[in-house]
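A short write-up of the structure that comes next.
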Amino acid sequence: MDVSTIGLDIAKSVFQVHGIDGSGEVVVRRQLRRRQLLRFFETLGPCLIGMEACATAHYWAREIAALGHEVRLMPAHYVKAYVKRNKNDVADAEAICEAVTRPSMRFVGLKSAEQQSVLMLHRTRELLVRQRTMLVNAIRGHMAEFGIVAPVGLPRIKELLAVIADPDDCRLPPGARACLESLARQFLSLHEEICTADKRLHAWHRSSELSQRLATIPGIGPITASALAASITNPELFRSGREMAAWIGLVPRQNSTGGKVRLGRISKQGDQYLRWLLVAGAMAVIRHAKRRGTTNQPWLDDLMARRPTKVVAVALANKMARMAWALLRQGGTYRQPMVATNA
């Protein structure tokens, strides 16, 4: 078959193929099972293949690219505009085939197996932290029913665990103690798993020259740096640092028309995890600056004097994202800007 472009709609077991030739005529439209997919592309000459960036997309992109094809991944919500009517696998594959040829389409960088492994470690750690927080809240709530409380903070949970482990403490009835002992065992197990995940992330950070360079930016530590290094495979996909900050969702949502610019709250589009890490890092910088009395950055000191803390944190996170793009694109490490002094 003389196929130049293929739209591939992937799923768990069933895959839909829509292929066209150089003139735009449809030459193949068929459904493939999982075991047939790679054998099908082995029979084709090199061609352009488009897929939505969804679950398993990076794996299939690597496998198909190894056969000599050019594979491009696209955000699913960008492809949706090319679906003509009802949603089904055939219409989706056709829309993907059309979208991948658009010169204005934005593509997703293909991640390597190592990058996916680092991101999986991040997602696993995030899940474990959420589960640990749920257990801490449950332990605090149940023990408060018996008048046993502890100050706020994860380190102070040890005081409650000591009460649970003390069989001579009569404030807890036997039935309640048995339930709380089960929660305490789960908490300790999760806490150990989180510590192990932290060690693995720090080890990868020390082995990555790119991650270490990103960590020189104030407010970006090993966890944020490793997440940025693993998530942004190709900084060339962004024309500027502002575009990368917009991709993360750190810019205002626009509702502008007729020459009137209306800006709202931040869009919260893009990578929620990266946005949360950058804002958390910005909050740490701001808290440290308030203790010292200055940030050594006049624009940030002026902004902190005029705007609420959370607004300043988002603005600083936006700047951190732009600095990270500059380091990813141009190399080098962060250098503190010189502060002008009056003669």
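So here's what we get for this one:
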| quantity | calculated |
| --- | --- |
| Accessible surface of Ile220 - all protein chains present, 1.4 Å probe, nearest 10 Å² | 10 |
| Cα pair distances in the stretch 1-152, grouped into 10 Å bins until the bin that holds the longest one, percent each | 10, 33, 24, 11, 9, 8, 4, 1 |
| Surface share of carbon and sulfur [accessible, 1.4 angstrom probe, percent] for the stretch 111-192 | 61 |
| Dimensionless Rg/Rh of the stretch 129-183 - Kirkwood Rh, Rg from C-alpha atoms | 0.93 |
| Greater than 24 Å apart at Cα, pairs in Lys84/Lys111; Lys158/Lys199; Lys80/Lys310; Lys260/Lys310 | Lys84/Lys111; Lys80/Lys310; Lys260/Lys310 |
| Charge dipole magnitude, Cβ of K and R +1, D and E -1 - the stretch 248-343, Cα centre, debye nearest 20 | 280 |
| The stretch 93-159: proportion of alpha-carbon pairs further apart than 14 angstrom, % | 75 |
| Principal-axis tilt of helix 174-207 within the chain, Cα atoms, nearest 10 degrees | 60 |
| Relative pair counts by distance (%), Cα atoms of the stretch 218-264, 5 Å bins | 5, 16, 18, 22, 15, 9, 8, 5, 1 |
| Stretchable slack from Met134 to Arg102, in nm (0.36 nm times residue separation minus alpha-carbon distance) | 6.9 nm |
| Surface/4 estimate of mean projected area, convex hull on alpha-carbon atoms of the stretch 121-252, nm² | 10.8 |
| Nearest 10 degrees, 0 to 90: helix 222-231 Cα axis against the chain principal axis | 10 |
| Accessible area in square angstrom per residue, the chain, 1.4 angstrom probe | 57 |
| The stretch 270-314: mean projected area of Cα convex hull, nm² | 3.2 |
| Isotropic mean projected area of the C-alpha convex hull, the stretch 243-343 (nm²) | 8.8 |
| Compactness of the stretch 180-327 as Cα Rg over 2.2 N^0.38 Å, two decimals | 1.23 |
| Solvent accessible area, Å² - Leu38, 1.4 Å probe, full protein context | 50 |
| Per-residue HN-Hα couplings for the stretch 8-22 [Karplus 6.51, -1.76, 1.60; θ = phi - 60°; Hz; x = Gly/Pro] | 10, 9, 9, 8, 6, 10, 10, 10, 10, 10, 10, x, 10, 8, x |
| Most to least accessible of Trp247, Trp325 (protein chains only, probe 1.4 Å) | Trp247, Trp325 |
| Coarse-grained scattering of the stretch 184-227 at q = 0.22, 0.23, 0.34 Å⁻¹, given as base-10 log I(q)/I(0) from a Debye sum over alpha-carbon atoms | -0.67, -0.71, -1.08 |
| Accessible area, probe 1.4 Å, largest first, for residues Phe107, Phe15 | Phe107, Phe15 |
| 13 Å Cα-Cα reach of Lys319 towards aspartates and glutamates, excluding residues that sit fewer than 8 places from it in its own chain | Glu243 |
| Volume of the Cα convex hull of the chain, divided per residue and given in Å³ | 235 |
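The values are calculated or read from the model by the stated rules, or taken from the named source; none is laboratory data. Quantities reported herein were computed from a predicted structural model and do not represent experimental measurements. Glycine also receives a Cβ, built like all others from the backbone with ideal geometry; neighbour counts cover every protein chain displayed. These area figures cover heavy atoms from the full protein model, side chains too; ligands, DNA and RNA do not enter into them. Shrake-Rupley method; radii C 1.70, N 1.55, O 1.52, S 1.80 Å.
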